[in-house]
Amino acid sequence: MSRGIAFLTCLLPPTAFACGGALHIEVENSGVYALDYTRIAGQQPGLAGCPVAELALHNKSQAVPMRVVDDGDGRFGAGDRIEWLGQQLHGPQSWFDNYSTHNVYLLSASAGAQARIADRVPPTGAGAPAELQRTLH
């Protein structure tokens, strides 16, 4: 019986196995954020191997555009990362929540088109891009 089940699962396309779970991400300050595969899969193994096109980032139920840096195989795995512009909570005392000063993002996977940051080609003659001056850990 188990051989029959194993045989049937091999016939299913990889997309038949749904990616699951959501990763809760908190940010305190506004800035460009990046999380690599190792950190994401370490906290939410259900996102490992998901099609990168299905990765979605949300904040307060609103889609947040992100950039997915993929190694070219189309699956979220080693060497891949996500990048997005994180926003701090704003309000009269620099927060806009009764319970937290951290803004929360949820990374998950779902079928369909997801919000992405578009890569743009710099204009000709623009020179070399500026280097990153500091890293915050």
(request) Could you please give the count of residues in the stretch 39-62 that are in contact (Cβ under 8 Å) with a residue 40 or more places away in the chain and closer than 14 Å to A111 by Cβ? (result) 6
(request) Within the stretch 7-58, count every residue that is at pLDDT below 95 and under 11 Å from the mean Cα position of the chain (by Cα). (result) 0
(request) Test L89 against the criterion of being at pLDDT below 95, hydrophobic (A, V, I, L, M, F, W, C), surrounded by 12 or more Cβ atoms within 10 Å (Cβ to Cβ) and within 22 Å of G31 (Cβ to Cβ), and give yes or no. (result) yes
(message) Please go through the stretch 50-76 and give me each residue that is surrounded by fewer than 16 Cβ atoms within 10 Å (Cβ to Cβ) and assigned to a loop (DSSP other than H, G, I, E, B), ordered by number.
(response) K60, S61, P65, D71, G72, D73, G74
(message) Return the pair list, or none, for Cβ contacts closer than 9 Å from residues in the stretch 108-121 that are in a loop (DSSP other than H, G, I, E, B) to residues that are at pLDDT below 90 and among the polar types (S, T, N, Q), at least 6 apart or on different chains.
(response) A111/T15
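The values are calculated or read from the model by the stated rules, or taken from the named source; none is laboratory data. No experiment lies behind these values; they were computed from the predicted model shown. Cβ atoms come from the backbone with ideal geometry, glycine included; neighbour counts cover every protein chain shown.
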